[in-house]
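Beneath this line is the structure, given in structure tokens, with notes to follow.
What follows is calculated from the coordinates using simple rules that are stated; it is not laboratory data. Here the structure is a predicted model, which means the values were calculated and not measured. Quick reminder, even Gly has a Cβ in these numbers, built from the backbone with ideal geometry, and neighbours come from all protein chains shown.
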Amino acid sequence: MSEEVMFAEAIDAVSKGQRSRARDLLTRLLRNEQENPTYWLWMSSVVESKKEKIYCLENTLRLDPTNVMAQRGLVLFGAQPESENITPTPIINRKWSVEKLKDTRSNEGKGDGLKSTLSNPTLRIVLYSLAGIIVFGMIFVGVFGLGSNNRRMFADIQLTVTPKPWTPKPTATLLPTNTPRVKTPTPTFIGPTPLWMLLEATYTPTPLYVDTPHPISEAYRAGLRAYHSGEVDEMLQFMEQAAAIEPESADTHYYIGEAHRVLENFELALAAYETAISTNQLFAPAYLGRARIYLQINPELGVEDDLIEAISLDPNLVEAYLALADYYLQLNDPESALETLEYFNDLEIVSPYIPLYKAQAHLLLDEPNTALEFAQQALELDQTLLPAYLTLGQIYLNIGFPRRAIDHLETYTSYITENAEAWALLGESYYETNQAEEAMNALDYSIEIEESNYKVHLIRGYIYLDEGEGQLAVNEFFNARSLDPDSFEACVGMAHALLLAGRQGDALRQVNSCQMLVIEDKQQVSIFYHRAIIFEAIGNYKLAAEDWLALLAYPTEIVSRTWKYTAEEHLKDLTPTPTPTSTPTPVPITQTPNN
């Protein structure tokens with residue numbers, strides 16, 4: 001296809017509203033002739049972003065400094081001050097009845113006919129004048145839209161737009177696990193209701209940080225459109241095409257890395273980020289991408305240097321601050337996380353991850369009330385932010401509201417089904433609300449995902465104790481102690497389980513060994529309680545009475561009402577009734593005993 005025919009088809013595509021086709025044709029023309037101001041002017045009318053429009057108009061003006069259309073477009077975009085030398089575009093009185101032109105096409109092809117038509121000076125002036133008005137009109141519409149005033153302004157310019165056939169594609173599923181099963185007449189969703197259905201309006205996607213003009217490569221723009229549509233495979237294909245055309249563009253390689261990261265092609269993603277860095281060592285997002293992929297490959301790798309490098313290269317790279325704060329939280333360093341998040345204190349940046357990470361940091365600092373406030377803010381900003389549900393579940397369980405914890409943890413585990421910690425927290429919440437069967441089911445599922453969760457085995461041991469299954473409880477407390485040898489709760493639980501299993505001697509030795517793990521008064525009271533019960537089972541009532549009396553000597557804020565009542569009742573029933581000469585005075589525990 002000759003350039004003249006291609007250009008004519010591009011103009012025809014613009015007039016019909018076929019912007020994508022027009023972009024493709026003009027891109028091909030610009031590849032062959034980058035110094036043609038007319039091509040750049042028309043390209044400015046079909047590219048999508050303001051930045052690209054300005055870029056095309058500036059190239060037009062660079063190649064043709066007297067081009068009034070380009071000057072006027074740059075003024076409209078605020079990229080150039082208004083000049084008195086720019087005269088208004090004259091309104092062309094269109095001729096509604098046009099004399100039919102004689103067919104001058106030869107047998108040599110359509111290109112010769114077009115040349116002969118354009119060789120007519122009068123027709124050429126009319127065509128290019130109309131084209132100029134169309135281009136300027138499309139630029140103006142791109143800036144201001146067609147409000148009521150603009151509609152009046154363009155009332156004289158009536159473009160016939162042929163509707164482009166369009167088949168809607170299914171939107172990207174927010175959470176892959178929720179597969180809708182269509183049922184006539186209305187759809188019935190199998191599994192949890194997608195969280196976006198709870199919203200009055202969907203959230204606006206986060207604007208791309210990297211979005212530089214690539215007017216020569218339509219594949220780049222197509223890749224970004226695929227990115228916004230959630231079509232990652234298409235995005236990858238387009239970006240690879242763009243990289244082949246412009247191999248020196250670091251941002252193209254960066255997006256290839258992003259696509260591979262989402263597709264979990266971690267090695268390919270890392271290679272793409274490395275290429276972006278080698279192409280431009282000052283390209284900050286590539287360091288951020290490399291840090292993220294390192295953590296995907298091995299969570300124990302240190303990525304602090306890459307994240308700090310990204311921030312130093314671009315102090316306004318918001319995602320790098322958030323990634324660094326999250327990294328510090330994974331290292332159990334809440335102080336550094338909060339220090340990193342101070343960057344946002346004086347900025348009007350609305351991101352639900354800012355209060356979420358603050359909530360997680362304050363929870364690690366054992367400040368649950370402050371954590372609760374920030375976690376609620378995060379959920380208010382984004383009701384689809386699943387980590388906020390998990391964090392709220394942790395907080396409510398921590399402050400003694402297990403039923404509220406269940407509400408949030410059930411929501412989280414409905415969507416994220418392979419998080420062992422979440423199932424463990426849900427199981428613990430069920431146990432705290434006396435739902436033993438639900439608790440055991442949740443804990444079983446947690447173990448299927450990950451066996452090395454100490455808290456899971458601990459709570460399972462408690463459930464077996466409640467059910468009178470002594471040996472099963474012994475097994476669970478043994479597993480818990482294997483995972484955390486310094487756990488006082490697992491140690492005392494083991495003593496209780498051994499007693500229930502009929503192994504009184506082992507139980508007594510076990511509870512005495514727990515003395516080495518005591519670090520607070522409540523734990524010492526627990527030893528008195530369990531050891532007194534074991535002494536009674538053995539028949540040593542004197543020592544049992546001494547432990548009951550030692551327990552009662554502690555203040556009421558240390559001893560629960562249940563244990564105090566139990567101690568008093570057991571002392572009444574002991575035969576013969578012990579009459580100790582003095583009541584032992586407990587010594588408050590202020591430090592950890594030497595092992």
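Just how far, in whole angstrom, is region 440-460 from region 226-250 if you go by their alpha carbon centroids? About 43 Å separates the Cα centre of region 226-250 from the one of region 440-460.
For the peptides 346-352, 541-547, what is the packing order when you average, over each peptide's residues, the other Cβ atoms within 10 Å and list the highest mean first? Write down the numbers at each step before the final one.
Details: 346-352: 11.3, 541-547: 18.9.
In decreasing order of mean packing, 346-352, 541-547 become 541-547, 346-352.
Each Lys or Arg adds one and each Asp or Glu takes one away; over the other residues whose Cβ falls under 15 Å from the Cβ of Arg31, this sums to -3.
Between region 279-346 and region 32-71, the alpha-carbon centres lie 39 Å apart. Note on Leu574/Asn398: beta-carbon distance plugged into 1/(1 + (r/R0)^6) with R0 of 41 Å gives a FRET efficiency of 0.55.
Across the options Ala269, Met239, Leu295, the greatest Cα extent toward the positive end of the charge dipole of region 217-315 (unit charges at beta carbon of Lys, Arg, Asp, Glu) belongs to Met239. By the beta-carbon count within 10 Å of each Cβ, the least crowded to most crowded order of Leu364, Leu356, fewest first, is Leu364, Leu356. Each label was represented as a point 7 Å from its Cα along the Cα-to-Cβ direction; for Glu234 and Asn512 these points are 7.5 nm apart. Classify region 377-512: rounded, prolate or oblate, from the alpha-carbon gyration tensor (a ≥ b ≥ c, eigenvalue square roots; a/c under 1.5 rounded; otherwise prolate if a/b is larger than b/c)? Prolate is the answer for region 377-512, as a/c is 1.5 or above and a/b outweighs b/c. Among 296-307, 425-436, the peptide with the highest mean count of other Cβ atoms within 10 Å heads the list, and the full ranking is 425-436, 296-307. Taking the Cα centre of region 395-448 as origin and assigning +1 to Lys and Arg Cβ atoms and -1 to Asp and Glu Cβ atoms, the resulting dipole is close to 240 debye. Put simply, when 526-534, 46-54 are sorted by average Cβ atoms within 10 angstrom per residue, most first, you get 526-534, 46-54. Assuming a viscosity of 1.002 mPa s and a temperature of 20 °C, what translational diffusion coefficient in µm² per second does Stokes-Einstein assign to region 217-315, Rh being the Kirkwood radius over Cα pairs? The Stokes-Einstein estimate is 160 µm²/s.
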